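To start, the structure under review is shown below, and the notes come after it.
What follows draws every value from the coordinates through simple rules; no lab data is involved. Everything numeric here is computed off the predicted structure, so don't read it as measured data. Heads up, the Cβs are rebuilt from the backbone with ideal geometry, glycines too, and the neighbour counts pull from every protein chain shown.
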Amino acid sequence: MSSILWACWDGGGNLPPGLGIAAALRQRGHDVRFFGRPEMVGRAEAAGVRATAFTHARTDLGRYSFHPMATVFGYTSSPAVGEELLGIVADSGPDLVVVDAMFAAALHVAPQFGRPTAVMLHTFCHRMIDAWRANFTMQSESRQRAGLGGLPALDELWGGRDLLHVNALPDLDGEPAVDWPNVVHGAPVLVSERRAVAAALPWADDDPTPVVLLSFSTVPEQRDPVTLQRALDALAPLPVHVVATTGQVVDPGELSAPGNAWLTPFADHDRLLERAAVMVGHGGHGTTMRALRHGVPIVGIPNKAVDQAGITRLIEEWGAGLALPPDAGADRIQAAVRDILADGRFTESARRLSLSFAARDDGASLAADSVQSLLDKSGCNIQGVTATVLPGSPG
């Protein structure tokens, strides 16, 4: 058995797939332990994964008060968190460290771990490389403005680590935009947390009325009741059933639900997508890929994350839906849903894309394969027993 330390960013598109990969690694006999923000701990433990909060997860937040995403960058680029992680690695002596791709402070100190590091990216790499470079430049500049020193460029933080595993279909990620030798593609990790339970919808199973699923971000920093309410208002006059999952970042009581809508904090999206005719979403990679795997066309209204605007544009480019701006009014949302329901070509395109998942459906196992390969290459996992330690490793 090898020990794996996972330095976690608990964004809505990061934690569920990370826990899915951890489950696949645990099934192979590895010990996986997550470290991250306090709000991550309960969710990880509910999935059966050991988890610990960084003591310094919020130490630098006040220094980022100038930034609209202070609670994100004040953690992901925090040198206090990076230094704490170094100490944890030295004390616990894991065989391998996994770092979520957004977690710049952890990636920065990774060369000092003295053991292999795998970077986990839960969305596109090549198609979004310019947006990712801009994001990491922003993290570095924000950290400098906070008086904490800059960060290396993306080419070092991702390209210079032992493995960059991309949990996205290679056929959909486009032509290579970087020539880093460490890039490996798997597939989307479309697991669900335990809180995503099967929903007992208020309509009969044989009701022919089209179902529209509304699903926006579950990240507190992307909480957006205004857009959710606008979408509910847009769909109120249409002859559809509406299911809105609010992700617990928006209380259903905050919203005015029309008579054709049913609201719930969480639900099993796979079950809902089996009935859905259209999804209205925020362009998150996991949510988008889940809809496309079911052959469901999408109306994309991006929020603030790095990849969301790009993914909504891709949906339209692929003919599997329509892209709207973040401030799209109810009239535009209504028109987009009407267009998709009236034009079967959107559904046909979405169903064609669903075929891409057939040969690479288990993204968690593919990611676990990459981690396993890195362990084997480093000599840390021989018949489940910790073996040689890399030169320079503590302990």
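Relative to the longest principal axis of the chain, what angle (0 to 90°, nearest 10) does the C-alpha long axis of helix 308-317 take?
The helix 308-317 is inclined about 50 degrees to the chain.
Please rank I301, I333, fewest neighbouring Cβ atoms within 10 Å first, as an exposure proxy.
Going from least to most buried by this count: I333, I301.
Sorted from fewest to most neighbouring beta carbons within 10 Å, what does the list T137, T288 look like? Show your work: numbers first, answer last.
Values: T137 14, T288 27.
Going from sparsest to densest Cβ surroundings: T137, T288.
What number, rounded to the nearest 500 deg cm²/dmol, is the helix-based mean residue ellipticity at 222 nm of the chain, given -39500 (n - 2.57) per DSSP H run of at least four residues and division by all its residues?
Working: 14 runs with 145 residues, N = 395.
Mean residue ellipticity at 222 nm (helix-derived): -11000 deg cm²/dmol.
Over the chain, what is the mean sequence separation of C-alpha contacts under 8 Å (at least six apart), divided by residue count, expressed as relative contact order in percent?
On the way: 770 pairs, mean separation 66.5, N = 395.
This gives 17 percent for the chain.
Convex hull over the Cα atoms of the chain, averaged projected area in nm²?
Taking a quarter of the hull surface, the average projection is 18.7 nm².
Over what distance in Å are the Cα centres of segment 159-181 and segment 11-88 separated?
Computed from Cα coordinates, the inter-centre distance equals 23 Å.
Comparing V280, V183, V371, which has the greatest mean-square fluctuation in the GNM of the chain with Cα pairs linked when under 10 Å apart?
Ranking V280, V183, V371 by mean-square fluctuation puts V183 first.
What list of whole percents do you get for P(r) of segment 211-357, with Cα-Cα distances grouped in 5 Å bins up to the one holding the largest distance?
2, 11, 22, 26, 23, 12, 4, 0
With angles folded into 0 to 90 degrees, how steeply does helix 330-342 sit against the dominant principal axis of the chain? Use alpha carbons for both and round to 10.
Roughly 80 degrees between the two axes.
To the nearest 10 degrees, how steep is helix 79-92 against the longest Cα principal axis of the chain, on a 0 to 90 scale?
60 degrees
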